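A short worksheet on the structure shown next.
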Amino acid sequence: MTGASATSLSSIFALSAEVERAALVVSVHDVAPATRPAVEEIVTELARHGVSTCSLLVVPNYHHHGCFAEDRSFVRWLQELEAKGHEIVIHGYFHERPRRNGEKLTEKLFTRFYTKDEGEFYDLGYDEAFRRISQAREEFAAAGLTPRGFIAPAWLLGASAERAATDAEMEYTTRLARVRDLRSGENYSARTLAYSVRSGWRRTTSLAWNNLLIRQLLDAPLARVSIHPPDRKHPEIWHQILRLTDRLMENRNATTYRDWIAEKRTRQRN
Ligand SMILES: [Zn+2]
């Protein structure tokens, strides 16, 4: 084989590998003993649609209802899911942010309108953020689970809290429109489909917005779908999630953030 044809052949292989690597990460947020029945249904139905691995965002002590590890059956269930290839991700600690006096309008907009007082890590100081993330890591490790990523509730992660996540040896985080490798500092643009279902107008807006957004995601190397347990209760929302997931699955493999980041690092080394 001549040098020129070997080169073109290897570039064809590189190209086909590139195409094969198009990925979909479906994440299920707010996993906790209280939301387990809904999450079980979501995970089961996704598997029927070819999504056999998800990133499961577990809240260590959801709304102060108690540490997840106190529920042994919940822990066993998470262990089984992890053994099947799903990923456990640390998702805040309490998933709650107390309101403060004298908040600015922008703070109110982000923390109340958009998230309903759940932006726990939006403006948490470094020390407290480090303490909560480290405690979560220890609790998951003691339960035999190995989270690698930290994703803040509503993706609201302030600069101090992000430094704390990095120092607590979290490997990556995600926001609404990107994934960030906390080790390398590399950002990857990747917008996620996500729904707000708290009221009728929010659901209508979400359906229209995600119907438009899907067009941008069809060609993206990484597509993301973020599901919250209440999404399952609204048939029009849930049907759209499944329909758009089916479309995305036509030309990509379902993976987890953990595996996607690991593959990115391997490719960058080579
Ligand atoms: Zn959440």
Looking at (1) modelled with pLDDT of 95 or more; (2) within 15 Å of the ligand (Cβ to nearest atom), which one does Arg97 not meet, given that it meets all the others?
(1)
Restricting to segment 207-232, and then to whatever is within 16 Å of the ligand (Cβ to nearest atom) and assigned to a helix (DSSP H, G or I), can you tell me which residue is surrounded by the fewest Cβ atoms within 10 Å (Cβ to Cβ)?
Pro230
So in segment 25-62, with the set limited to residues that are over 25 Å from Lys264 (Cβ atoms) and of a type in the set (Ser, Thr, Tyr), which one is farthest from the ligand (Cβ to nearest atom)?
Thr44
Select, from Gly144, Gly119, Gly125, the only residue that is at pLDDT below 95, surrounded by fewer than 14 Cβ atoms within 10 Å (Cβ to Cβ) and more than 27 Å from His239 (Cβ to Cβ).
Gly125
Confirm whether Arg191 is modelled with pLDDT of 95 or more and either open to solvent by less than 30 Å² (accessible area, probe 1.4 Å) or of a type outside the set (Ser, Thr, Tyr) (or both).
no
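For Trp155, are the conditions met, namely being without any contact (Cβ under 8 Å) to a residue 24 or more places away in the chain and more than 15 Å from the ligand (Cβ to nearest atom)?
Working: without any contact (Cβ under 8 Å) to a residue 24 or more places away in the chain: yes; more than 15 Å from the ligand (Cβ to nearest atom): no.
Judged against the criteria, Trp155 is not a match.
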Condition check: open to solvent by less than 20 Å² (accessible area, probe 1.4 Å), away from the ligand (no atom under 16 Å from the Cβ) and either basic (Lys, Arg) or at pLDDT below 95 (or both). Does Ala14 satisfy that?
no
Sole exception among (1) touching a residue at least 60 places away in the same chain (Cβ under 8 Å); (2) within 16 Å of the ligand (Cβ to nearest atom); (3) over 14 Å from Val59 (Cα atoms) for Ala194, by number
(1)
With respect to Leu242, determine if the residue is away from the ligand (no atom under 16 Å from the Cβ), at pLDDT 95 or above, part of a helix (DSSP H, G or I) and within 25 Å of Ala34 (Cα to Cα).
yes
Do we find that Val75 is open to solvent by less than 70 Å² (accessible area, probe 1.4 Å), modelled with pLDDT of 95 or more and touching a Gly at 6+ places or on another chain (Cβ under 6 Å) in this structure?
no
Is at least one residue of segment 45-59 open to solvent by 10 Å² or more (accessible area, probe 1.4 Å), at pLDDT below 95 and more than 27 Å from Phe121 (Cα to Cα)?
no
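The values are calculated or read from the model by the stated rules, or taken from the named source; none is laboratory data. Everything numeric in this text was worked out from a predicted model, so none of it was measured. Backbone-built Cβ (ideal geometry, glycine too); neighbour counts: all protein chains shown. All accessible areas refer to the heavy atoms of the entire protein, side chains included, with ligands and DNA or RNA removed. Shrake-Rupley method; radii C 1.70, N 1.55, O 1.52, S 1.80 Å.
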